[in-house]
Each structure stands twice: as C-alpha cells, then as structure tokens.
1. Which of the residues spanning region 134-149 are outside any helix (DSSP H, G or I), at pLDDT 90 or above and on the phi < 0 side of the Ramachandran plot?
2. Within region 44-59, track down each residue that is over 24 Å from V127 (Cβ atoms) and touching a residue at least 40 places away in the same chain (Cβ under 8 Å).
3. Could you list, in sequence order, the residues of region 44-70 that are over 11 Å from the mean Cα position of the chain (by Cα), on the phi < 0 side of the Ramachandran plot and at pLDDT 95 or above?
4. Go through region 30-75 and give me each residue that's surrounded by fewer than 15 Cβ atoms within 10 Å (Cβ to Cβ) and of a type in the set (S, T, N, Q).
5. Just give me the residues in region 130-142 being surrounded by 18 or more Cβ atoms within 10 Å (Cβ to Cβ) and touching a Phe, Trp or Tyr at 6+ places or on another chain (Cβ under 8 Å), in sequence order.
6. When region 80-106 is examined, which residues are found to be buried (at least 16 other Cβ atoms within 10 Å of the Cβ) and either touching a residue at least 60 places away in the same chain (Cβ under 8 Å) or not in a helix (DSSP H, G or I) (or both)?
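The values are calculated or read from the model by the stated rules, or taken from the named source; none is laboratory data. On a predicted model such as this, the values are computed, not experimentally measured, just so you know. Neighbour counts are summed over all protein chains in view; Cβ atoms, including those assigned to glycine, are modelled from backbone coordinates with ideal geometry.
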Amino acid sequence: MSFFLPYLHLSVGNNCIIGFSVGMAGEVIVGDWVNISGLTAIHQFSIIGEHSMISGLSRVVKDIPPYITVGREPLSYVGLNLVGLKRRDFSLEKINELQDIYRVLFQEKRNTTFALEFIENSFEKTVERDKIIDFVKSSKRGIIKGFNY
C-alpha cells in the first residue's frame with residue numbers, strides 16, 4: 001500500500017522499483033530504471049538519475065547521477081549499477097566507459113569542475129558521457145561524493 005501526502009510533487013520515471021517505506025519529501029524527480037531500496041529517506045528537491053540504485057536505509061540529501069549505485073553513511077558512490085546495466089543490455093565497452101568516467105569524477109583527487117573539464121576533453125562524446133556531464137552541471141543541490149577509503 002502506498003500513501004502520497006498532499007502537496008508532494010513527485011515525478012517517477014518508467015520501470016522504477018521503489019522499496020517499502022521509502023520517504024520522499026517535497027519535489028523529488030526519479031529517472032527511468034531507478035531502484036530505491038527500503039527505508040530510504042529522500043530530501044526535497046533531490047534528483048535521482050536514470051539507471052541508478054540506492055541501497056536500503058539511505059539518507060539522500062544530494063543528487064545522484066545516472067548509472068551508479070550509492071550506499072554507506074554519508075551516502076557515497078560505491079560503483080556502477082552493474083546488475084541494472086547488464087539487465088538493460090549495456091555493452092561491456094559502454095560499462096567500461098562509464099566506469100572510467102566515474103573513476104575521474106569520484107575516485108581521483110579532482111574537484112568537480114576540473115573532473116568535468118577532464119571528462120569533456122578526454123572522453124569520446126557519447127550519449128551517456130553527455131548525460132553525466134549535463135546532470136552534474138545542472139545539479140542545484142550538488143551531487144553525492146565518492147567514498148574515501
């Protein structure tokens with residue numbers, strides 16, 4: 001059973017899986033093919049990028065770029081959503097490209113502006129590369145960070 005409160009502005013894409021007791025406040029945008037595990041709380045005005053996965057018991061206070069899995073506390077990048085991407089028939093070459101892009105964005109010691117500039121200059125222009133760049137540049141809340149080991 002789902003309950004939607006008055007004044008909740010929710011946009012959920014196609015083919016999403018939203019677990020039990022997921023709380024979304026205010027205006028939340030969820031892209032296509034997103035998987036949100038149970039007991040996740042999502043702050044108002046957050047945007048969840050397509051093909052992403054959020055682990056259970058998460059607290060989402062920043063935007064989540066497409067194609068990734070996030071978890072831990074504070075919420076951080078933990079890798080690509082490999083299961084989801086393989087189910088959607090993403091090629092191994094495309095998955096490797098996404099891993100390389102997110103390695104630059106989250107795992108190398110660059111600030112977001114320099115990482116985006118490096119990605120634009122170093123990676124071939126593809127639909128996925130451009131979606132990532134556009135998502136990060138248009139984020140008003142800021143995006144989640146990489147995990148520091």
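1. S139, K140, R141, I143, I144, K145
2. The answer is F45, and nothing else.
3. S55, G56, S58, R59, V61
4. Q44
5. I132
6. Residues satisfying the conditions are L80, N81, F90.
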